[in-house]
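J.: Below: one structure in structure tokens.
The values are calculated or read from the model by the stated rules, or taken from the named source; none is laboratory data. Small disclaimer: the values here were computed from a predicted structure and weren't measured. Because the Cβ atoms are built from the backbone with ideal geometry, glycine has one as well, and the counts that use them run over all protein chains shown.
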Amino acid sequence: MIEVVRSGLSTTVQDRGRPGLAAVGVPHSGAVDPQLAAQCNRIVGNPPDAAVLETAGGLQIRAVTAVTVASDLEPVARSLAAGQQLTVPVGGRQWHYLAVRGGIVVEPVLGSRSTDTLSGLGPPPLAEGDRVPVGDEPNDAPSGEVAPVRPSAAEARIGPGPRLDWFAESTLETLRRTPWTVTTTSRVGVRLGGVRLERVRLGELPSEGLVRGAIQVPPDGDPIMMLADHPTTGGYPVVAVVEIADVTIVAQTPVGGIVRFV
Amino acid sequence: MRVLPMGRNAVLVDDLTVSPAVWAAAAVDRLGPQVIELVPAATTVLIVVDDPGRLDAVIDAARAVDPTRLAGGSELGPTFEIPVSYDGPDVADVAAATGLTADEVVDLHAAAVYRVEFCGFAPGFAYLSGLPAALHVSRRSTPRTRVPAGSVAIAAGYSAVYPTSSPGGWHLIGRTEMTMFDPSRSPPALLAPGMPVRFVPA
């Protein structure tokens, strides 16, 4: 068991989320960077889908009982004796992961332990004093090898979205040519500033299905890329979609950082 | 129909000749197990596959879907009945806006047969088509910050039941005790796209 000493910024429990329920309005949710979460799980010998802690930083935990942990910042398995503390600071990538050997075993909701910050499903975000249960020893030993920190590629690939024709003809080029600044970021979406994307078709769009990586453009012209807790449907036109494997390039860029599309 | 791009493992089907919920009901058995999400919305259906390599085959199958066999409606399942107390705070407003009496508003709403067109806004929030034209009113000019769970509402040509207490801008005409969405239940949502629905005065 671990205890939250300081909850930091946006700390939640995450696993693979709730796929397959979008038709009844349930967001997919799950870790913003599932590969990074899986890596941390592997290091401590967990199955890749074990629930982990996801935090934007500033998380401080104390081991109530002895535990073995690994975070993306220091990707080696670390033993914490009862009473020992560990901090996951802010900095570097936007979202950090802390895996605990045995997995976080809060009660699942709809088959997942993920906190959905949009719909409120799942456990509430972690708060100071929370005691978080940890599961039994898994079969695999903690991994001896240090997982390489993936270099973040500079550019995210994009393809046309379903409503590209609602925008001026050169809009994909504008998306690729502009250095975008992350202005706000959350588990729901990443908002970008740089150039106002100009619409040639006005009026309202009836709500339609969305996917992670879809770039919506509200009337103010600032693109927003959908992330883990994105709503299942939305009424802003989707101009482009980020390649699945590159969504985390955008998602892991902190506020003020630059994102480029190709 | 048109098939619009939505990344390498999804497409958005648009310009359907039938309701997206009806199309999706006709498509679900024909598109194959590689489809992990089939999401009807107001005028479109989103199809998401597990493997980008399968998307082309799914698109071909989508183009071959024939929804006309479901046009009769009987294959969409039995009518789901929702018991309602028609004592909502906005009945009088709706009456005034439509020129009907309060009783007429209630009778008209209860007499209709609805269909779940799509879900969105919140888990289990189902947009129901079939609202009589005489009851088509815009959303409230000032939304409520909190709508009681189970509120039966109308706006913009749809009817709906708020599954949980949430902000809401629709006109509240009644309330049901039914739990529309329960994550511990299987399936969690009582209403899913395509289902016929009636409201029964309690």
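J.: Restricting to the range B:78-96, give me the number of residues that are out of contact with any strand residue (DSSP E or B) (no Cβ under 7 Å at 6 or more places or on another chain) and either at pLDDT below 95 or not aliphatic (A, V, I, L, M) (or both).
T.: Looking only at that region, the number is 1.
J.: Filter the range B:5-27 down to residues that are free of Cβ contacts under 8 Å to residues at least 40 places away in the same chain and in contact with a Leu (Cβ under 6 Å, 6 or more places away or on another chain), then give me how many there are.
T.: 2
J.: Within the bounds of the range A:20-39, is there any residue that is of a type in the set (S, T, N, Q), in contact (Cβ under 8 Å) with a residue 12 or more places away in the chain, in a strand (DSSP E or B) and touching a strand residue (DSSP E or B) at 6+ places or on another chain (Cβ under 9 Å)?
T.: no
J.: Right, next: So which residues in the range A:40-65 are touching a residue at least 12 places away in the same chain (Cβ under 8 Å), closer than 18 Å to A:PRO108 by Cα and assigned to a loop (DSSP other than H, G, I, E, B)?
T.: Across the range A:40-65, the qualifying residues are A:ASN46, A:PRO47, A:ASP49, A:ALA50, A:ALA51.
J.: Looking at the range B:147-164, which of its residues are among the polar types (S, T, N, Q) and more than 20 Å from B:ALA202 (Cβ to Cβ)?
T.: The answer is B:THR164, and nothing else.
J.: Quick one: in the range A:206-231, of everything that is at the interface with chain B (Cβ under 8 Å from one of its Cβ atoms) and over 18 Å from A:ILE244 (Cβ atoms), which residue is farthest from the chain's Cα centre (by Cα)?
T.: A:PRO206
J.: Could you grab me the full set of residues in the range B:178-193 that are assigned to a loop (DSSP other than H, G, I, E, B) and either more than 18 Å from B:ALA122 (Cα to Cα) or among the hydrophobic types (A, V, I, L, M, F, W, C) (or both)?
T.: Scanning the range B:178-193 gives B:MET178, B:MET180, B:LEU190, B:LEU191, B:ALA192.
J.: In the range A:4-32, which residues are surrounded by fewer than 24 Cβ atoms within 10 Å (Cβ to Cβ), more than 9 Å from chain B (Cβ to nearest Cβ) and farther than 14 Å from A:GLY122 by Cα?
T.: Those that are surrounded by fewer than 24 Cβ atoms within 10 Å (Cβ to Cβ), more than 9 Å from chain B (Cβ to nearest Cβ) and farther than 14 Å from A:GLY122 by Cα: A:VAL4, A:VAL5, A:ARG6, A:SER7, A:GLY8, A:LEU9, A:SER10.
J.: Filtering the range B:168-201 down to residues that are free of Cβ contacts under 8 Å to residues at least 24 places away in the same chain and not polar (S, T, N, Q), which residue is nearest to A:GLY122 (Cα to Cα)?
T.: The qualifying residue nearest to A:GLY122 (Cα to Cα) is B:ASP182.
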